[in-house]
Amino acid sequence: MTTTTSSAIASVLADLAGLELITEPNQVAKLSQDYYHFSPVLVPQLQDKVGDVVVRPANEAEVLQVAKACVRHRVPLTVRGAGTGNYGQCIPLEGGVILDLTRMTAVKWMKPGMLRVEAGAKLAAIDKQTREIGWEIRMAPSTYRTATVGGFIGGGSGGIGSVTYGQLRDRGNLIAVRVVTMEDEPRAIELRGDEVYQVAHAYGTNGIITELEIPLAPAYPWAEVIVTFDEFMQAARFGQALSDADGMIKKLVCVCADPVPGYFSALKSYIPSGKSCALLIVSETCLEPLSEFVSEFGGEMTYQKNAEDAGKGIALGEYSWNHTTLHARSVDPSITYLQTLFPDDKNLTLLEEMYHHYGDEVMPHLEFLRVGGTARPASLQLVRYTTEERLNEIIAHHEAKGAFIFNPHTYLIEDGGMKMVDVAQLQFKEKVDPYGLLNPGKMRAWLERSI
């Protein structure tokens, strides 16, 4: 394990004179955080972890300079975007340098269907430019206004748009990444095709992403709609059918069981108490057939905002994905969450079973997304937390029944996601970060490689 000494930090600072450096303790502490406090399991593990200094490079040449200094003095380096992750992806477990890439925001080029951009660009700012030529990014987290594209690729998995375009790891959703290494002589290398998955969703443990090439989607006139239902399973089946409807152009199908909508204070006038709801983003061209869908499933459309008003006032996307958890926790901080992928079953049998089994202890919140070519519900259930033991029981029960849990209560890459070692990511790290200085402690494969 690397131990960061004050003399090593002083040496790094000397090597980086002239760059934007932040050493004021409160600022450094703030820039050492993300939203891991959504997890009561992670709080005691991460709450005292802070970096020693924050560096904000303006370009790739400065990133190379930082990498060289850290390698030379064996100082850990943790890459950071906007810090909107939820499970400690960018928390520096061993101190050292925080590399804040938010100054690197240039769009290098854009053309119909494709974009080349620096890693620190905010997703909303990217869309503002690409919409001028009729295109937009394919998917984004609910933190769209503040999240950076590099942080999303490094720590995210999908989001608003995934109901149409699947997940980031699906072929075609990431074209190329440019990465700075942490070798004795750091270099910038380009990864294309399947090679990009060596660093995508690796939490910055095996390379510093400086630029990305990503595909774009046609920018439709997006309307926002709230539909309410008397029963949750009514809402869930509506969500499944709408997600399966190939002719309906959609960006978000989010379904929340009562009492979840009660945490959405700004939406209370549109969602009566006791109702479950669907929060939708669909093309305006689909509003007429949508109304028929709503009638077919016994719902009621209580809110509609057309594209010309999008971006003004309430944004429904900010009540979906993990913003749902954020709103719930602002009312009841004891609430936490799970991330569950239910089986590919149009009858939603296991979802219904779990809904009735747990009642209000595990409150369903569904996000429909495409997995392997078919629409399925992923659930970011809200959980009334009591003990870690009980949380683990809930996880084990879901898995035993055939649901897949992406555990948000661990900061280890493998344990939170696919539950297996990614050999390609490990081999790439051994090559480009031989001293294990990049975001140490997050890759179980690296920690266990000599065992």
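Read-outs: derived from the displayed coordinates by stated rules, not from any lab. Fair warning: this is a prediction, and the values are worked out from it, not measured in the lab. We place every Cβ from the backbone using ideal geometry, glycine too, and count neighbours over all the protein chains shown.
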For the stretch 107-218, take N as its residue count and report Rg(C-alpha) divided by 2.2 N^0.38 Å.
1.00
Enclosed volume per residue, in Å³, of the convex hull spanned by Cα atoms of the stretch 96-160
87 Å³
Exactly which GluC sites (Glu not before Pro) in the stretch 90-191 are in a DSSP loop and have at most 16 other Cβ atoms within 10 Å?
Glu183
In nm, the gap between the two label points placed 7 Å beyond Cα toward Cβ at Ser334 and Asp360 is 1.2 nm
Starting from the Cα of Thr349, step 7 Å along the direction of its Cβ; do the same at Leu21; then give the gap between the two resulting points in nm.
6.3 nm
Working out 0.36 nm times the residue gap between Ala124 and Glu231, then minus their Cα-Cα distance, what length gain in nm do you get to one decimal?
35.1 nm
Mind putting a number on the dipole of the stretch 206-250 about its Cα centre? Charges go on the C-beta only, +1 for Lys and Arg and -1 for Asp and Glu, and I need it in Debye to the nearest 20.
60 debye
Reach of Lys346 by Cα under 12 Å, taken over aspartates and glutamates that are not fewer than 8 positions away in the same chain
Asp244
Report the percentage of all Cα-Cα pairs in the chain whose separation exceeds 34 Å, rounded to a whole percent.
33 percent
Which net charge results when you count Lys and Arg as +1 and Asp and Glu as -1 among the other residues whose beta-carbon is under 14 Å from that of Glu20?
0
Only bridges with both residues in the chain count here: give the DSSP antiparallel percent, nearest 5.
90 percent
Among Leu351, Val371, His323, which residue has its Cα furthest toward the positive end of the charge dipole of the stretch 222-405, with +1 on Lys/Arg Cβ and -1 on Asp/Glu Cβ?
His323
Suppose we keep just the DSSP beta bridges with both residues in the stretch 35-121; what percent of those would be antiparallel, to 5?
35 percent
Cut-off under 20 Å on the C-alpha distance; same-chain residues fewer than 8 positions from Lys305 excluded. Which aspartates and glutamates are left, in chain and number order?
Asp127, Glu136, Glu224, Glu284, Glu288, Glu292, Glu318
Label point distance in nm, Thr374-Leu287, each placed 7 Å from Cα along Cα→Cβ
3.4 nm
Cross-link partners of Lys442 among lysines (Cα-Cα below 24 Å; sequence separation of 8 or more within a chain):
Lys30, Lys49, Lys68, Lys419, Lys429, Lys431
For helix 423-432, what angle does its Cα long axis make with the longest principal axis of the chain, in degrees from 0 to 90 and rounded to 10?
30 degrees
Give me the Kirkwood hydrodynamic radius of the stretch 137-194 in Å, from all C-alpha pairs, to one decimal place?
12.7 Å
Below 15 angstrom from the Cβ of Val331, what's the summed charge of the other residues (Lys, Arg +1; Asp, Glu -1)?
0
Packing rank of 252-261, 300-309, 100-109, where each peptide gets the mean count of other beta carbons within 10 Å, highest leading:
252-261, 100-109, 300-309
Of the peptides 363-376, 386-399, how do they stack up when ordered by the mean number of other Cβ atoms within 10 Å, highest first?
363-376, 386-399
Using R₀ = 60 Å, calculate the FRET efficiency as 1/(1 + (r/R₀)^6) where r is the Cβ-Cβ separation of Glu393 and Glu190; round to 0.05.
0.85
Hey, what number do you get for the chain at 222 nm if only DSSP H runs of n ≥ 4 count, each worth -39500 (n - 2.57), divided across all residues, to the nearest 500?
-8000 deg cm²/dmol
Dipole in debye (nearest 20) - the chain, about Cα centre, beta carbon charges: Lys, Arg +1; Asp, Glu -1:
880 debye
Computed curve, the stretch 222-405, Cα-only Debye sum without solvent term, log₁₀ I(q)/I(0) at 0.09, 0.10 Å⁻¹, is -0.29, -0.36
